[in-house]
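This report concerns only the one structure given below.
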Amino acid sequence: MSNSPSNANAPDLLPSSPSSDGLVDVEMEEQQNIISQPSMAAATTNSAATKNDDVGAASFEEGAVEARTGVEVNDATMAQAPRSQYSTSEIERATNLKFKRGDQYESESDLYEELFTFANHYNFTVANRGKGECRCGKAGNSWSKKKKNRDHVLQIKDSSQVTECQWQVRFHTESQKDNIFRITTVVGTHNHPCDIPTAVVSRKKAGKAVSAAITQLTNILGPFLAKNTKMPCNLIRRTIEPYVSPGVTLSDVNIRSILTGVKRQMDSGKYKPPEPVIGIDDLRAFTSVDITSTSCRQVLDDLLSNASTNGDNSWIVTRLMNRLKASDPYFDFRIHTDENDHVDCVTWQVGASRAALMKYGDKVFLDTRNNENMNCINMQYMSFVVIDWNKRMLPASESFVFSERMSFTMLLSISHLR
Amino acid sequence: MTPRFSRYSVVLGFGDMFISAENAKRWFPNITWLVDTYHFCSSKKKDNVLVKSFGPRIWQIIATDMRAAVYAKTEEECLVSNTNDTNLHLLLPL
């Protein structure tokens, strides 16, 4: 394919041009299939990368076609299942095909994502060593200065996993306005084997083991960091511990790194402060204050002593409810009247009942008391009960009914369920 | 009267037989309606549901096992019967 540039250009120039020669048609169709399929794969896997403007114009030239074909072969290789080991020359070739000097990316994160995906496929790690520099995870040598000055003799127990590997990709932004990231340097040579055991150790040394935990910990530690609350190191360690793999030592330095990672996540806008579960309006209703129970007896005595009901409780009930509501902001009630406008059912709810219903309202218990002698105004008592976690029954609302024909249907219809 | 609470919020409820399952469903569409244990088989309530269903004579024989089954903590405890075989003839029609 690459040996016949004219054919390689043909699909772009004449994608569906009819030809009088059937043989030529078949040959061109094959060429088109060979090139177009990897191109589609490249379009999906490398969609973030934007080529130079002149690359599009020069795509009909021989060299450009060969280069693009090379990239697409590389993407096709990455689409295959990763092998347990790659040779250094294989990775060097793949690196040079995947990342070329001058390639542009719309955002830094797109380039990082490409790099991390590529490194993950070829069994090595990429570390961000500062702005515009991504190097192999084994690039550094923590004892280099001391060894150079002969201040430290490397012992087995002190041996580092780094090998001063030179694999790197550097990039820079052209201008702040464009925010385009262009690759400036590509070195694809590793000086260490790229197999799975090495990659596992390298990922651990590169901090990849905690990077996934940082995403989860952002929502957990975010509220504390947002408020600048000082937390004891032991408390942070115990909080972090379930989210990192057991092999990670949670030293002070590692904890500090994790907190820094969480802060970066917060700065990048990936942390959303938790919204209050209960709004301000709901919070006013959600209370355990029960003023009504303490004042009800006095109010009722006052009403009964100063009024003559003549057997009609409607006036007493209405006045009682209104006065209780005036003295208790959390108290609420509903009244049902019969065809003669007499009160035949009243339901009320105090703040504690409302809170219980909001909290435990998914399971309810309904029962009645038929004994009319249990209250001084001779009404049947009905309650709507919920059960808390301690199996304690809490009334969600309480009701009095005047006649036996009153059923729960009527009670519920005037209650909070509508 | 209660914010953020609707008739669809209730998923489980129980009470006496005064309220039928149909009536409970009418007001709480998502509810699974059960009879509470006091009205179902309590020894303190002499006219519980099982007494009404089986009659007092048969209930006297099976009451212990039924209560043990209702209050069992495991499936094995629930399925074990301790009824004296000599009393089984009482279950037969006269």
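Simple spin-label estimate for A:Arg129 and A:Thr185 gives 0.8 nm between the two label positions (7 Å along the Cα-to-Cβ direction from each Cα). The length gained on full extension between B:Asn23 and B:Ala69, counted as 0.36 nm times the residue separation minus their Cα-Cα distance, comes to 13.8 nm. With one equal scatterer per alpha carbon and no solvent term, the Debye-computed log10 I(q)/I(0) for chain B at 0.25 1/Å reads -1.22. Between A:Asp267 and B:Val11, the FRET efficiency from the beta-carbon distance, with R0 = 60 Å, is close to 0.90. Both chains summed, the buried accessible area for A and B stands near 2300 Å², from protein heavy atoms and a 1.4 Å probe.
The simple Förster model, with R0 at 51 Å and r as the Cβ-Cβ distance, assigns B:Ile58 and A:Gln298 a FRET efficiency of 0.40.
Per-residue ellipticity at 222 nm computed for chain B from its helices equals -10500 deg cm²/dmol, with DSSP H segments shorter than 4 residues left out and the rest contributing -39,500 (n - 2.57).
The values are calculated or read from the model by the stated rules, or taken from the named source; none is laboratory data. Everything quoted here is computed from the prediction, not taken from an experiment. When we count neighbours, we look across all protein chains shown, and the Cβ atoms used for this are built from the backbone with ideal geometry, even at glycine. Each accessible area value is taken on the protein alone, full model and side chains, heavy atoms only, with ligands, DNA and RNA left out. Shrake-Rupley method; radii C 1.70, N 1.55, O 1.52, S 1.80 Å.
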